[in-house]
Amino acid sequence: MNKNDKEILCRLIRDHEDLLGASRTALLALESFMASIERLKCSPEQIKELYLELAEAIKETRPRIIPLIHLIEEFEQEMRPHFNGDLEKVRSKAISILQAKHAKLKAKVGKIIELGMGCIEQGDTIIVHTASMDVVNMLILAGQVMGKEIKVIVLKQDFVKTRKIIKALNQARMDTVVVPEYAMGHYLQQANKMFVGALSITYDGKAVTAVGTANIVSLCHYHDIPVYLFANTLKFSHLPSQDQQIHTKSVEQVQDQCSYRLTVYSHDLLEMKMVDFLVTENGVYPQEMIAGVIASQHGQQA
């Protein structure tokens with residue numbers, strides 16, 4: 001895989017994560033991986049080399065898609081004794097392991113949504129700032145299945161990122177208000193909760209989140225609006241925040257005869273001390289327990 005192919009793969013994964021969230025992107029990536037293995041035509045000697053090339057590219061995405069990386073690492077370990085065989089046996093074993101990884105992540109996502117629905121009360125007005133479809137689905141199910149009357153304030157960022165949230169909530173006939181994220185201050189008195197997803201949580205106590213999240217969470221924290229962060233345990237990274245490879249891009253801009261270089265980041269780093277409740281597939285943890293949850297997860301991964 002040459003440098004250009006790696007950059008295309010990285011951009012493709014990053015774009016999907018922006019639109020769907022990390023868990024959904026990881027599920028799609030595993031499905032694509034299985035499809036590619038089914039179509040693979042090569043000699044048995046080439047299988048491991050081709051796999052390692054793809055795995056290395058996935059591990060170096062900017063930013064790192066932590067749940068996908070964890071599952072790829074597990075696949076690599078379980079597959080290691082089976083690489084030396086004829087193509088059909090290797091193919092069959094690889095797909096079997098990947099199907100199990102897909103089911104594992106899907107189960108964690110389902111549990112997160114179930115617990116998230118329990119965090120929603122009748123009459124809540126909830127701020128949503130992330131493209132996480134897990135968060136969107138729990139809101140929709142709370143209304144449609146549990147009959148809870150809630151209002152959702154969607155903070156509009158880049159419309160490409162926000163459109164999917166708006167369409168899903170509108171189709172579910174949710175009471176929804178869409179406002180520019182810079183105008184959120186006018187709506188703080190209406191809201192009583194904020195729901196946010198995360199790409200990953202690092203062992204030094206930071207969450208990699210959608211760009212702009214840190215500012216919005218800070219405002220909510222200042223105004224005593226509880227912030228709920230949803231992240232299954234596959235999102236806990238064994239690397240510190242500075243090694244999450246957040247993507248940066250500098251672009252030359254010309255406006256009204258003024259030239260300047262604009263630098264943008266793909267994601268924020270959010271201090272977990274600003275989060276009131278962390279929700280994993282294992283439970284709902286208040287702020288005083290979050291550091292211990294992060295430490296325990298890091299210990300399990302070490």
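A few points about this structure:
- Considering (1) touching a helix residue (DSSP H, G or I) at 6+ places or on another chain (Cβ under 9 Å); (2) at pLDDT 85 or above, the lone condition that Leu239 does not fulfil carries the number (2).
- If only residues of region 189-218 that are touching a Leu at 6+ places or on another chain (Cβ under 7 Å) and of a type outside the set (S, T, N, Q) are counted, the one that is farthest from Leu139 (Cα to Cα) is Lys206.
- Members of region 8-39 found to be modelled with pLDDT of 70 or more, hydrophobic (A, V, I, L, M, F, W, C) and open to solvent by less than 50 Å² (accessible area, probe 1.4 Å), listed by number: Ala22, Ala26, Leu27, Ala29, Leu30, Phe33, Met34, Ala35, Ile37
- Some residue of region 249-266 being in contact (Cβ under 8 Å) with a residue 60 or more places away in the chain and not small (Gly, Ala, Ser): no
- Set Glu76, Glu49, Glu53, Glu88: member being closer than 30 Å to Lys206 by Cβ and either open to solvent by less than 40 Å² (accessible area, probe 1.4 Å) or not small (Gly, Ala, Ser) (or both): Glu76
- Val196 vs. criteria out of contact with any Gly (no Cβ under 7 Å at 6 or more places or on another chain) and in a strand (DSSP E or B): yes
- For region 122-134, the set of residues classified as touching a helix residue (DSSP H, G or I) at 6+ places or on another chain (Cβ under 9 Å) and either among the charged types (D, E, K, R) or at pLDDT 90 or above (or both) consists of Asp124, Ile126, Ile127, Val128, Asp134, listed by residue number.
- Qualifying position, being among the aliphatic types (A, V, I, L, M) and out of contact with any helix residue (DSSP H, G or I) (no Cβ under 7 Å at 6 or more places or on another chain), among Ile95, Ile153, Ile140: Ile153
- Test for Ala183: is it modelled with pLDDT of 85 or more, over 20 Å from Glu121 (Cβ atoms) and open to solvent by less than 50 Å² (accessible area, probe 1.4 Å): yes
- In this structure, Ala191 does satisfy being buried (at least 19 other Cβ atoms within 10 Å of the Cβ), in a loop (DSSP other than H, G, I, E, B) and hydrophobic (A, V, I, L, M, F, W, C).
- Residue check, Leu262 within 22 Å of Tyr182 (Cβ to Cβ), open to solvent by 70 Å² or more (accessible area, probe 1.4 Å) and part of a strand (DSSP E or B): yes
- Residue list for region 196-224, filter: of a type in the set (A, V, I, L, M), surrounded by 20 or more Cβ atoms within 10 Å (Cβ to Cβ) and farther than 14 Å from Ile112 by Cβ: Leu199, Ala207, Val208, Ala210, Ile216, Val217
- Qualifying residue in region 261-284 (condition: closer than 30 Å to Ser296 by Cβ, modelled with pLDDT of 85 or more and either of a type in the set (Gly, Ala, Ser) or out of contact with any helix residue (DSSP H, G or I) (no Cβ under 9 Å at 6 or more places or on another chain) (or both)): yes
The values are calculated or read from the model by the stated rules, or taken from the named source; none is laboratory data. Just so you know, these numbers come straight off a predicted model, no measurement behind them. So basically every Cβ, Gly included, is an ideal-geometry build from the backbone, and we count neighbours across all protein chains shown. The accessibility values were calculated without ligands, DNA or RNA, using every heavy atom of the protein model including side chains. Shrake-Rupley method; radii C 1.70, N 1.55, O 1.52, S 1.80 Å.
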